[in-house]
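**Q** Let me begin by handing over the structure; questions about it come next.
The values are calculated or read from the model by the stated rules, or taken from the named source; none is laboratory data. As the structure is a computational prediction, the values presented were derived from the model and not from experiment. Cβ placement follows ideal geometry from the backbone for every residue including glycine, while neighbour counts extend to all protein chains displayed. To get the accessible areas, we keep the full protein, side chains included, count just its heavy atoms, and leave off ligands, DNA and RNA. Shrake-Rupley method; radii C 1.70, N 1.55, O 1.52, S 1.80 Å.
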Amino acid sequence: MVYRIYNYSAFYVSEPFVETNLGANATKDFVYYNMLRAWKSQDVSFPFYDAHETTYNVRDDSSWEYTLKPRLHERLRNSKNIILFLSENTHYSRALKEEIDYGINVLGLPVIVIYPDFKYNSSIADGNKPNSIAKSLWEKLPVFRDNMHKVPTAHVPMNKEYITAALNDPDFTIQKKHTNFCWCYNT
């Protein structure tokens, strides 16, 4: 049995994507993912454990069926949840669809949705429920919109305090999830 301690980060990148070139840093959703990595490198107590570090990297010109897709599945199987970056820059892609579909429908992983375009909870929530602004972004990713009710989902702005609270919450881990619910943090 795999001890699932990792957070799988799902984010949109245009294809072909090469992390090492300058274009990666211009891909906004990738930059937000890198922010989590930077917070972790500056503060080892930040509760982010990168699932993408658990397997070797592959090139985008690798075979989708024989290399890329199996690597995504392996990383998801090592994970306790999915961190989904959902922004104005997010577009539906084959990889993002596969990550969310496999993560929710096969593995039952809870999802922590980070809305990088917003700093404050009041921008995405009415109390502890997502508002119409957050819901409008779900339209960009129908596989998430149509399946999120199957797992616990936390919705947070791009704010370290809210993200830390969600990452520390055992209800948003595969090990402790009990009921499926949708929640916005009011810390």
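**Q** Go over the candidates 53, 65 one by one and state the one that is over 20 Å from residue 159 (Cβ atoms), surrounded by fewer than 13 Cβ atoms within 10 Å (Cβ to Cβ) and at pLDDT below 75.
**A** On the way: 53 fails: at pLDDT below 75.
Result of the check over 53, 65: 65.
**Q** State whether one or more residues within the range 80-93 are open to solvent by 20 Å² or more (accessible area, probe 1.4 Å) and modelled with pLDDT of 95 or more.
**A** Looking for residues that are open to solvent by 20 Å² or more (accessible area, probe 1.4 Å) and modelled with pLDDT of 95 or more, one finds at least one in the range 80-93, hence yes.
**Q** Mind listing just one residue for me: the one in the range 132-186 that is charged (D, E, K, R) and in a helix (DSSP H, G or I) and, of those, farthest from residue 100 (Cα to Cα)?
**A** Here is the first cut: in the range 132-186, the residues charged (D, E, K, R) are 135, 139-140, 145-146, 150, 160-161, 169, 171, 176-177.
Among the residues that remain, those that are also in a helix (DSSP H, G or I) are: 135, 145-146, 150, 160-161, 171.
On the way: 135: 17, 145: 10, 146: 11, 150: 12, 160: 23, 161: 25, 171: 19 Å.
Here the residue is 161.
Let's see how each residue does on (1) modelled with pLDDT of 95 or more; (2) open to solvent by 10 Å² or more (accessible area, probe 1.4 Å); (3) in contact with a strand residue (DSSP E or B) (Cβ under 6 Å, 6 or more places away or on another chain); (4) not polar (S, T, N, Q):
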| site | (1), (2), (3), (4) |
| --- | --- |
| 130 | no, yes, yes, yes |
| 141 | yes, no, no, yes |
| 144 | yes, no, no, yes |
| 155 | yes, no, yes, yes |
| 176 | no, yes, no, yes |
| 179 | no, yes, no, no |
| 182 | no, yes, yes, yes |
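**Q** Mind listing whichever residues of the range 27-42 are in a helix (DSSP H, G or I), closer than 18 Å to residue 95 by Cβ, out of contact with any strand residue (DSSP E or B) (no Cβ under 7 Å at 6 or more places or on another chain) and not charged (D, E, K, R)? Before you say what the answer is, go through the steps one by one.
**A** So the first thing to find is which residues in the range 27-42 are in a helix (DSSP H, G or I), and the list is 28-42.
Narrowing the set further to residues that are closer than 18 Å to residue 95 by Cβ leaves 28-34.
Filter again for out of contact with any strand residue (DSSP E or B) (no Cβ under 7 Å at 6 or more places or on another chain), leaving 28, 30-31, 34.
Residues satisfying the conditions are 30, 31, 34.
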